[in-house]
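The values are calculated or read from the model by the stated rules, or taken from the named source; none is laboratory data. Note that the structure is predicted; figures quoted are calculated from it, not measured. Just so you know, the surface numbers come from the protein's heavy atoms only, side chains and all, with ligands and any DNA or RNA stripped out. Shrake-Rupley method; radii C 1.70, N 1.55, O 1.52, S 1.80 Å.
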Amino acid sequence: MAEYPFVSIIIPTRGESETLRQCVDSLEKQTYSKEKIELVLVSSKPLAVASSLSVRIVAVEPEAGYAELRNKGVGAAQGELFAFIDDDCRAPQNWLSEAARIFQNNGK
């Protein structure tokens, strides 16, 4: 892909550290340009996440549902494209590259 749009990956989480770590690990292995990715972690619990990617943490009230967590993530995100993944999921390495390619091709 010649030109990568900046992508915000929004991850609502309840703070399960090992589950979240595995999700973040899968995102660090993306074939997409690392400089064009930010992770937006949205949680009601304090988080400490080390990553080679840019990480933004958004705090919400404990009673917030997943829809609200996603919406808060969008509000804090800076990307041109938003990608959503739950903290118990693992992304294939080409997940963002393929998604961005589809969005670019639909514009032509």
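A few remarks follow.
- For the chain, the per residue solvent-accessible surface stands at 56 Å², with DNA, RNA and ligands left out and a 1.4 Å probe.
- Remark on Val42: its backbone amide H falls under 5 Å from those of Ile11, Thr13, Val58, a criterion applied only to residues 5 or more positions apart or on other chains, H modelled at 1.01 Å from N.
- Residues whose amide H lies under 5 Å from that of Val55, counting only those 5 or more places away or on a different chain, are Leu39; hydrogens are built 1.01 Å from N in the peptide plane.
- In this structure the amide hydrogen of Ala83, modeled in the peptide plane, comes within under 5 Å of the amide hydrogens of Ser8, Ile9, Ile10, none closer than 5 places in sequence on its chain.
- Couplings 3J(HN,Hα) of region 61-76, computed from phi: 5, x, 7, 5, x, 5, 4, 5, 4, 4, 4, 5, x, 4, x, 8 Hz, in residue order, whole Hz [Karplus 6.51 cos²θ - 1.76 cosθ + 1.60, θ = phi - 60°; x for Gly and Pro].
- In region 1-106, the inverse of the mean reciprocal separation of distinct Cα atoms equals 13.8 Å; this is its Kirkwood hydrodynamic radius.
- Stretch gain in nm, segment Ser52-Lys34, where the contour uses 0.36 nm per residue and the Cα spacing is subtracted: 5.7 nm
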